[in-house]
Each structure stands twice: as structure tokens, then as C-alpha cells.
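In what follows, a single structure is set out as C-alpha cells and then discussed.
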Amino acid sequence: MPLNHTLTVDLGERSYPIYIGTDLLKQRELLCNHIHGSSALVVSNSTVAPLYLEAIHGSLESSKIRYDDVILDDGEQFKTIDSVMRIIEIMLTQRHDRQTTIIALGGGVVGDIAGFAASIYQRGVNFIQVPTTLLSQVDSSVGGKTGVNHPLGKNMIGAFYQPQCVIADTSTLNTLPARELSAGLAEVIKYGLIYDAQFFTWLEQNIQGLIEKNTDLLSNATLVSCQTKANIVEQDERESGLRAILNLGHTFGHAIEASMGYGNWLHGEAVATGMVMAADLSLRQGWIDESVKKRTIDLLKQCALPVNSPAEMTIEKYMNAMAIDKKTIAGEIKFILLEKLGKAIVTSSYNPELLKQTLSET
């Protein structure tokens, strides 16, 4: 039986624990220990709620906490300000006050929407992340990024707002569809590329077991990923410098998501292709050798992830979408590129002609 782990994101008065392990949703006191008022609002979606909402209700009822639910439609296309307003309306109708806690039960979309609603309701109420997908457990639930999409750009409306805790019950991954698992593995692979070459090698050696949902391997991958992200967030909470390396592949990937229509490409799928494009541009710049790009492609392919840009994406579409990326300052697009396996940089020092080659040939 795998060990359960507790990490801490050390941000002073905004510090919080990350609990990683199996059957954590059955530990009723774990959730309620982080609810400081007498009421809660559970935000989930139509896919996750039938599976795990009852466990959350059981925890709340055992502590006599009054609760309401908001069940959203499932999908990136519903990550909108309208979904946030739906949450706010129910909170107002049911008279939730500033002592209430919002509980985000679901994947990254649910966590981002619920977290943003928490950040703005009565100027801020507590919230708890209960991520149920691999992508949300290893990435989006940690670090306090919340928000929704705009038709012109992904995550353009949001706030940095830290949760009270993150409860990553790896047992929930047993119900995760293969495509969603693969999308999460893209973010896991990212950590090896940007920060930990040894972890990347470990992933190469164990990728088949991860795809097969080996409990011990998934627990270790989640632990290493969360520890890496926590280390980076502690150094740069609001992404003024180092934290931006967590966006390897995301500038390209967000352009794909926005241009192709939210939900048609899963976030992890777009990031996978984006990481190949970042590796390609890094190679063209002469910063990495061919083997790093090849190993990246090989590992992503084993996860059944896309490694080629959509045929519909032209240079013009990429450039228009990337021009409103959050890392673009005064019209200058910054990319996260690789200096070597395990080390990424944020830079605008790239050859524009080489970028065009990457956009047209990857």
C-alpha cells in the first residue's frame, strides 16, 4: 500500500498543505479541518459529481457543516465568466457569508473557476482544492492561479489566490479516462524537462506503468511534480520571474486551444505539442542537441499525445494568438525554452526567422 504524503507550499501567512495519497476522500476530518466556518459550497461538474460528491457530502454532514452544490457542465468551453456568475448567484441566493468555504471538486477547469469565484465573492472567501484528474493534481491545483478564458485568449481573466489546502486523492485516477490521463502526463513530463533531468529519465523508465495506472508510480510522479511546483512557487508566487518556466509549451499550446476552439484539444494535448515546438526552437537556436528533442517526442508519443501542430494553424494564427499571451510585454513575445534537459529559461532572445521555421515545420 503506498504511503500518503504531506507537502507544504511555504508562502508565509498564505502557506498551505498538499495531501497526496489513496482514499483521502474517506478521511472525513481531513477536509473539514480546513473549513473554518459553518457553511460550504461544493463546485463540481456533471462528470465528477456522480462519482465523488457523495463522499464530500458525508464529510460535511459529519461535521454539521451546511452546504450547497453547484454542478457545472464539463469541458474547457464552459470555463467562462458565466460559470463564475452562476456560482456567485447561488451563493447570494443561499446567503453564504464571508465565512463560507468553496470546495472545488474536479479537474483543472473546476478548480480554476471555483478558485476565481472564491477570490471575488465578498472580496474573498476560503476555498479548498480537491483535484480528481492527474493534470489538476500535479499542476493546476497547486500555486494559486485561478481564472477563466476569454474567446480571444486562455486564462485572461483571473487572480492569484491560494487555497486553504489541496487534497489529491490518487484513488480518483482509477476512474480517469485514458485520454485525460495522457493529458495529465504531459504536465508531469514538463517538470522533468524544465527542472529535473533525473525525473525525466525516471519517467522514460516507468512510463508504461504510469499509463497502466500503477498506484505506486502515479503517487511518486504526483509527489515529485507537486514538490517541484511548490519549490518554484515559493520563490516566485506571482510569476514575476522563475515561475514562468512552468509554462513550457504553454505559449504555443494556448494559441492552439484558443484558435482550435476550447475543448477540441485538451489542455495537456496542446501543451504536449507546444513542448515539442519549444524543443524544436531551442534546437534551432543551438541551445540543445537533437537527442533532447527526440527523447521528448518519444516520451510524449508513448503517452498517445500529439507531437505535431494542427494543420489548420498557420504562422499568422500563431502570431495573432501569442501576441496576447500574458508573458508578452510591449509587443515582445517571450518563450520558455530549454538550455538543456532539466533547465528552462524565459527569453525574448530568439531569432524570429527560426521561430517562423518552427511554426511552419513542427
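We did not get these values from a lab; they are worked out from the coordinates using the rules stated. Note that the structure is predicted; figures quoted are calculated from it, not measured. So basically every Cβ, Gly included, is an ideal-geometry build from the backbone, and we count neighbours across all protein chains shown.
So the values come out like this:
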| quantity | calculated |
| --- | --- |
| Antiparallel content of DSSP bridges confined to the chain, in %, to 5 | 40 |
| Fluctuation leader among Thr132, Thr347, Thr100 - the chain, Gaussian network, Cα springs under 10 angstrom | Thr347 |
| Förster-model FRET efficiency, 22 Å R0, Lys301 and Glu339, C-beta, rounded to 0.05 | 0.40 |
| Virtual spin-label span in nm between Asp73 and Lys294, 7 Å along Cα→Cβ | 4.6 |
| Label point at Ser62 placed 7 Å out along Cα→Cβ; residues across region 165-191 whose backbone nitrogen lies under 19 Å | 165-172 |
| Nearest-0.05 FRET efficiency for Glu353 and His5, computed from C-beta distance (R0 35 Å) | 0.15 |
| GNM result for the chain, Cα springs below 10 Å: residue of Asn320, Asn231, Asn33 fluctuating most strongly | Asn33 |
| Rounded to the nearest 20 debye, dipole of the chain from Cβ charges on Lys, Arg, Asp, Glu | 420 |
| Candidate aspartates and glutamates - alpha carbon under 14 Å from Lys327, same-chain residues fewer than 8 apart omitted | Glu239 |
| Cβ-based net charge around Ser225, under 11 Å, with every Lys or Arg adding one and every Asp or Glu removing one | -1 |
| Nonlocal Lys pairs with alpha-carbon distance under 26 Å, region 5-175 (8 or more apart, or different chains) | 4 |
| Proximal lysines to Lys356, defined as alpha-carbon separation beneath 17 angstrom and excluding residues fewer than eight positions away on the same chain | Lys317, Lys334 |
| Candidate aspartates and glutamates for bridging to Lys213, where Cα separation is under 19 Å - those fewer than 8 sequence places away on the same chain excluded | Asp23, Asp139, Asp169, Glu180, Glu187, Glu204, Glu269 |
| Charge dipole magnitude, Cβ of K and R +1, D and E -1 - region 178-361, Cα centre, debye nearest 20 | 100 |
| DSSP bridge orientation in region 5-175 - percent antiparallel, rounded to nearest 5 | 30 |
| Gaussian network model of the chain, springs between alpha carbon atoms under 10 Å - residue of Asn247, Asn149, Asn308 with greatest fluctuation | Asn308 |
| Calculated FRET value between Arg95 and Asp236, using beta carbons and R₀ = 41 Å, to 0.05 | 0.60 |
| For the chain: relative contact order, % (alpha-carbon pairs under 8 angstrom, 6 or more apart) | 15 |
| Residue among His96, Leu135, Leu217 farthest towards the positive dipole end of the chain, charges placed on Cβ | His96 |
